[in-house]
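S.K.: The structure under discussion is supplied below as structure tokens; questions concerning it will follow.
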Amino acid sequence: MTVLLVALGAAIGAPLRYLTDRFVQSRHDSVFPWGTMTVNVAGSLILGLLAGLPAGTALTALVGTGFCGALTTYSTFSYETLRLAQEGARFYAAANVVAGIVAGLGAAALGFTLAQALTT
């Protein structure tokens with residue numbers, strides 16, 4: 001049953017990741033990967049919320065592993081950072097790493113804090 005919940009969450013998260021990335025990126029005239037940044041920060045916020053809730057294994061499998069796992073993308077983050085560096089956009093590459101890590105951790109911490117505040 002858990003595997004089906006993970007697959008269901010991923011079936012929703014993966015297309016949402018693609019559509020969100022394309023939507024956000026089409027509105028920016030920049031080489032900076034705003035779409036990937038958006039899905040990674042959003043996924044971190046959601047996962048932080050989930051971690052702060054008294055969630056059971058089914059919800060964690062569906063939302064945490066399935067949905068957030070498919071929504072967020074470390075491989076694309078890495079690839080886009082490398083591509084920026086190779087194309088000479090070293091400032092954007094460095095900014096992507098720093099902003100991605102700081103914003104992702106910040107979003108997860110915010111989500112966790114919000115969930116804790118709502119459950120106490």
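The values are calculated or read from the model by the stated rules, or taken from the named source; none is laboratory data. The structure presented is a predicted model; accordingly, all values stated were derived computationally and were not measured. Cβ atoms come from the backbone with ideal geometry, glycine included; neighbour counts cover every protein chain shown.
S.K.: May I ask you to verify whether Tyr92 is among the aromatic types (Phe, Trp, Tyr) and within 20 Å of Thr20 (Cα to Cα)?
M.R.: Details: among the aromatic types (Phe, Trp, Tyr): yes; within 20 Å of Thr20 (Cα to Cα): no.
It is false that Tyr92 is among the aromatic types (Phe, Trp, Tyr) and within 20 Å of Thr20 (Cα to Cα).
S.K.: Can I ask one more? So which residues in region 67-84 are under 11 Å from Val31 (Cα atoms) and hydrophobic (A, V, I, L, M, F, W, C)? First the steps, then the outcome.
M.R.: Taking region 67-84 and keeping what is under 11 Å from Val31 (Cα atoms), we get 80-81, 83-84.
Within region 67-84, Leu84 is the sole residue that qualifies.
S.K.: Could I ask something else about it? Can you say whether Thr60 is closer than 30 Å to Ala95 by Cα and within 17 Å of the chain's Cα centre (by Cα), as far as the supplied structure shows? Don't jump to the end; show me each part of the working.
M.R.: Details: closer than 30 Å to Ala95 by Cα: no; within 17 Å of the chain's Cα centre (by Cα): yes.
Considered against the rule, which asks whether it is closer than 30 Å to Ala95 by Cα and within 17 Å of the chain's Cα centre (by Cα), Thr60 comes out as no.
S.K.: So which pairs qualify, if the first residue must be in region 95-117 and at positive phi, the second must be surrounded by 15 or more Cβ atoms within 10 Å (Cβ to Cβ) and modelled with pLDDT under 95, the Cβ gap must be under 9 Å, and the two must be at least 6 apart or on different chains?
M.R.: Every condition considered, no pair remains.
S.K.: Follow-up question, since we're still on this one. Can you pull out the residues in region 71-94 that are in contact (Cβ under 8 Å) with a residue 40 or more places away in the chain and under 14 Å from the mean Cα position of the chain (by Cα)?
M.R.: Leu71, Thr72, Thr73, Thr76, Phe77
S.K.: Among helices (runs of 4 or more DSSP H) lying entirely in region 12-120, which contain 2 or more residues that are loosely packed, with under 15 Cβ neighbours inside 10 Å? Write out each step before concluding.
M.R.: On the way: elements: 34-52, 74-86, 90-119.
Helices (runs of 4 or more DSSP H) meeting the threshold: 74-86, 90-119.
S.K.: Can you tell me which of Leu110, Leu49 is under 19 Å from Ile12 (Cβ atoms), at pLDDT 95 or above, of a type in the set (A, V, I, L, M) and within 16 Å of the chain's Cα centre (by Cα)?
M.R.: Numbers: Leu110 fails: under 19 Å from Ile12 (Cβ atoms).
Only one candidate passes the filter, namely Leu49.
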